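Undergrad: Structure provided below as C-alpha cells; questions to follow.
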Amino acid sequence: MFANDTLKGRTALITGGGTGIGLEIATAYAKLGASVMLVGRNEERVQAAAKALTEAGGVAGARKADVRNYDDVKAAVDATVESFGSLDILLNNAAGNFVCPTAELSPRGWQTVIDIDLNGTFHCCHAAYPHLKQSRQGASIISIITMLGVTGWPQAAHAAAAKGGILSLSRTLAVEWGGDDIRVNTISPGPIGDTEGVQRMYIETGRGHLEEKKTALGRFGRKEDIANAAVFLASGLGAYVTGENLIVDGGRWLKYVAS
Ligand code: NAP
C-alpha cells in the first residue's frame with residue numbers, strides 16, 4: 001500500500017523487534033527502505049530475525065539489550081548509529097505483563113512491569129535523543145501502548161499504570177522535543193489475533209469469539225494493522241502529527257465505554 005521508498009534513508013531501532021508486533025513493524029520498515037536494528041534480551045531470537053530480514057533483501061542488525069538497563073540501551077543506540085550512520089525512528093515496543101489481582105500483586109511484580117514498560121521507554125527516549133535530533137529527515141518516536149492504560153485495566157494495574165505513564169511521557173516529549181524536529185506519538189492496538197498473547201489468552205481458551213464481539217468491528221486486528229500505523233507515523237506521511245495516540249483497536253475502547 002505504501003511506495004517502496006517510503007522510509008528510504010531512515011534508520012529505526014525497534015525494542016522487542018524479534019517477535020510479534022515488533023517484528024512485523026521491522027519487516028514493514030525494512031521492505032520500505034529503512035535500516036532496522038532489532039533489540040531484545042534473547043540474542044539468538046533477534047539475530048535470527050535480522051538474518052531473515054537481510055535474506056529477504058532488507059538491511060537489518062540485532063543487538064542484545066535489556067531495556068531496564070540504561071547502559072545496555074545506550075550501547076544498543078550507539079551500535080545502531082555506528083552500523084547505519086543515523087537514528088531517525090525509535091520504536092518502543094518491548095513490554096512485559098501478567099494477570100494478577102492488585103491485592104495479590106507483590107511490590108516486585110509491580111516493579112518489574114514498570115521497569116520494562118515505563119522505565120525502559122524512558123531509557124530508550126533519553127539515550128536516543130542526541131541522535132534523533134540530528135536526523136536529517138526529522139525524527140519519530142513511537143511507543144506501543146493500549147487504551148487499557150487510559151480506561152484502567154483490572155487484573156493488570158502494573159501494566160495499566162506503565163502504559164498510562166508512557167502516554168503522558170510521550171505527550172510531554174512531543175512538546176519538549178518538537179523544536180528539535182522530533183515527533184512523539186503512541187499507538188494503541190486492540191486485541192491482535194495473530195499474536196502469541198491473544199492466541200494463548202483468548203483463542204486457545206475458547207474465549208476468542210467473546211473477545212472479538214467486544215470490538216465495534218466484531219473481529220480481532222492483525223499485526224499488519226499496527227505495522228501500517230507505525231509506517232504512517234514514522235514517515236513523511238505523518239509529518240505534522242505529534243503528541244497523538246493513534247488508536248488501532250477496531251472500536252474496542254469506545255464499545256467498552258458505551259456499554
Ligand atoms: P511479544 O511478542 O511478547 O513482544 C514483546 C517483546 O518485548 C519480545 O520480543 C521481548 O523479547 C521484548 N522484551 C520484553 N522484555 C524486554 C526487556 N526487558 N528488554 C528488551 N526487550 C524486552 O508481544 P506483542 O504481543 O507483540 O506485543 C508488543 C507490544 O504491543 C507490547 O508493548 C504490548 O503491550 C503491545 N500490545 C499488544 C497487544 C496484542 O494484542 N498483542 C495489544 C495491545 C498492546 P525478549 O524476551 O527477547 O527480551
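No value in this document is a laboratory result; all are computed from the given coordinates. Predicted model, so just to flag it, every value in this text is computed and none were measured. Glycine also receives a Cβ, built like all others from the backbone with ideal geometry; neighbour counts cover every protein chain displayed.
Undergrad: So which residues in the stretch 236-259 are without any contact (Cβ under 8 Å) to a residue 24 or more places away in the chain and in a loop (DSSP other than H, G, I, E, B)?
TA: Correct list: TYR240, SER259.
Undergrad: Right, THR54: of a type outside the set (Phe, Trp, Tyr) and surrounded by 20 or more Cβ atoms within 10 Å (Cβ to Cβ) or not?
TA: no
Undergrad: Within the stretch 169-218, take every residue that is of a type in the set (S, T, N, Q) and within 16 Å of the ligand (Cβ to nearest atom) and give me the one that is nearest to SER143 (Cα to Cα).
TA: THR186
Undergrad: Moving on to the next point. Hey, any hits in the stretch 231-244 for a residue that's within 11 Å of the ligand (Cβ to nearest atom), in contact with a strand residue (DSSP E or B) (Cβ under 8 Å, 6 or more places away or on another chain) and β-branched (Val, Ile, Thr)?
TA: no
Undergrad: Could you list, in sequence order, the residues of the stretch 86-115 that are among the charged types (D, E, K, R) and either touching a Gly at 6+ places or on another chain (Cβ under 7 Å) or away from the ligand (no atom under 13 Å from the Cβ) (or both)?
TA: ASP88, GLU104, ARG108
Undergrad: Take the residues in the stretch 23-78 that are of a type in the set (A, V, I, L, M) and assigned to a strand (DSSP E or B), then tell me which one is farthest from ALA227 (Cα to Cα).
TA: Step by step, filter the stretch 23-78, then rank; the result is ALA62.
Undergrad: Please name all residue pairs, on different chains or six or more residues apart, with Cβ atoms under 8 Å, provided the first residue is in the stretch 144-167 and is without any contact (Cβ under 8 Å) to a residue 12 or more places away in the chain and the second residue is in a helix (DSSP H, G or I) and more than 9 Å from the ligand (Cβ to nearest atom).
TA: As it stands, the answer is GLY152/ALA160; TRP153/ALA160, since those pairs meet every condition given.
Undergrad: Something else about it: Residue check: is GLY57 farther than 13 Å from ALA128 by Cβ and either touching a residue at least 60 places away in the same chain (Cβ under 8 Å) or under 19 Å from the mean Cα position of the chain (by Cα) (or both)?
TA: no
Residue-by-condition table, conditions (1) within 9 Å of the ligand (Cβ to nearest atom); (2) of a type in the set (Gly, Ala, Ser):
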| site | (1), (2) |
| --- | --- |
| SER35 | no, yes |
| LEU38 | yes, no |
| VAL46 | yes, no |
| VAL59 | no, no |
| ARG63 | no, no |
| ARG68 | yes, no |
| ASP72 | yes, no |
| ALA79 | no, yes |
| PHE84 | no, no |
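Undergrad: Please work out if VAL46 is farther than 18 Å from ALA128 by Cβ, touching a residue at least 24 places away in the same chain (Cβ under 8 Å) and either of a type in the set (Val, Ile, Thr) or surrounded by 16 or more Cβ atoms within 10 Å (Cβ to Cβ) (or both).
TA: The answer is no for VAL46.
Undergrad: Could I ask something else about it? Residues that are free of Cβ contacts under 8 Å to residues at least 60 places away in the same chain and closer than 27 Å to GLY178 by Cβ: does the stretch 213-222 have at least one?
TA: The answer is no; no qualifying residue exists.
Undergrad: Could you list, in sequence order, all residues of the stretch 193-213 that are in contact with a Lys or Arg (Cβ under 6 Å, 6 or more places away or on another chain) and either crowded, with 18+ Cβ neighbours inside 10 Å or assigned to a helix (DSSP H, G or I) (or both)?
TA: GLU212, the sole residue that qualifies.
Undergrad: Looking at the stretch 9-19, is at least one residue touching a residue at least 12 places away in the same chain (Cβ under 8 Å), surrounded by fewer than 23 Cβ atoms within 10 Å (Cβ to Cβ) and either outside any loop (DSSP other than H, G, I, E, B) or touching a Leu at 6+ places or on another chain (Cβ under 9 Å) (or both)?
TA: Checked the stretch 9-19: no residue is touching a residue at least 12 places away in the same chain (Cβ under 8 Å), surrounded by fewer than 23 Cβ atoms within 10 Å (Cβ to Cβ) and either outside any loop (DSSP other than H, G, I, E, B) or touching a Leu at 6+ places or on another chain (Cβ under 9 Å) (or both).
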